[in-house]
1. Could you work out Rg/(2.2 N^0.38 Å) for region A:1-66, with Rg from alpha carbons only?
2. Rounded to whole Å and sorted largest first, list the principal axis extents of the Cα atoms in the protein assembly as shown.
3. Report the charge-dipole magnitude of chain B in Debye, nearest 20, computed about the Cα centre from +1 at each Lys and Arg Cβ and -1 at each Asp and Glu Cβ.
4. Per-residue HN-Hα couplings for region A:16-21, Karplus 6.51 cos²θ - 1.76 cosθ + 1.60 at θ = phi - 60°, whole Hz, x for Gly and Pro?
5. Along the Cα-to-Cβ line of residue A:50, 7 Å from the Cα, sits a label point; which residues in region B:28-62 have backbone N less than 11 Å from it?
6. Show the residues, 5+ positions off or on another chain, whose built amide H is closer than 5 Å to the amide H of residue A:17.
7. Which whole-number value in Å³ per residue fits the convex hull of the alpha carbons of chain A?
8. At a temperature of 10 °C and a viscosity of 1.306 mPa s, determine how fast region B:1-67 diffuses translationally according to Stokes-Einstein, using the Kirkwood radius over alpha-carbon pairs as Rh; express D in µm²/s, rounded to the nearest whole number.
Amino acid sequence: TQLLEQSPQFLSIQEGENLTVYCNSSSVFSSLQWYRQEPGEGPVLLVTVVTGGEVKKLKRLTFQFGDARKDSSLHITAAQPGDTGLYLCAGAWSGGSNYKLTFGKGTLLTVNP
Amino acid sequence: NAGVTQTPKFRILKIGQSMTLQCTQDMNHNYMYWYRQDPGMGLKLIYYSVGAGITDKGEVPNGYNVSRSTTEDFPLRLELAAPSQTSVYFCASSRRDRVTSNIQYFGAGTRLSVL
């Protein structure tokens, strides 16, 4: 069973601070996705990364895929209360079925005004 | 666009009762999934389907059954509800896009308590 380890599990910060969330595995991904989930809702896709070393930016969010495609990070600059939510990484394993994803346990982010 | 629609939103069951969680999507996606989400445990795959008439077990299938008679619908059946099935259930759908990554679209979830 392949595992995705996310850290930290919980993060509580003040508005304006920067933060980084990590997603790690011992296995290689063919692609990796980041989702955000708000209370009472289903996860919503933020980004997909497929190439080792890839960096994608979405406004104040920066996503990086490791060179070896075993890890990823999400960096938020100047966090705002609207960034509050559960951040989930999900990977499709290299050599596995692309239509099945394995999810990490998530990072619960709270941004206080 | 409706996307993925799940019903009911909330349900309380007694131990041993049965129920069906409904899921329908209007995006003509081939792939559909059922997950359960427990606090601090992320999403666990229960069953999935790659097309009408084709289903397969995921990571935690025990106590559940599915069927896929149409592209749009993918109901999840609980035959003998147990307290361990108290969870939030999410249905999702996807299609293969041109970069071979699997973007999944989720419903709003069904919150189930078994007492």
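1. 1.21
2. Projected onto its principal axes, the Cα set of the protein assembly as shown covers 48, 39, 36 Å.
3. Approximately 140 debye in magnitude.
4. In residue order, the calculated couplings are x, 6, 9, 8, 9, 10 Hz.
5. Hits in region B:28-62 for residue A:50 at 11 Å: none.
6. Amide H neighbours of residue A:17, under 5 Å, 5+ apart: A:79.
7. Numbers: hull volume 10.4 nm³, N = 113.
Normalising the Cα hull of chain A by residue number yields 92 Å³.
8. 118 µm²/s
Laboratory data are not the source of any read-out in this text; all were calculated from the coordinates shown. Note that the coordinates shown come from a computational prediction; the quantities given were computed from them, not determined experimentally. Because the Cβ atoms are built from the backbone with ideal geometry, glycine has one as well, and the counts that use them run over all protein chains shown.
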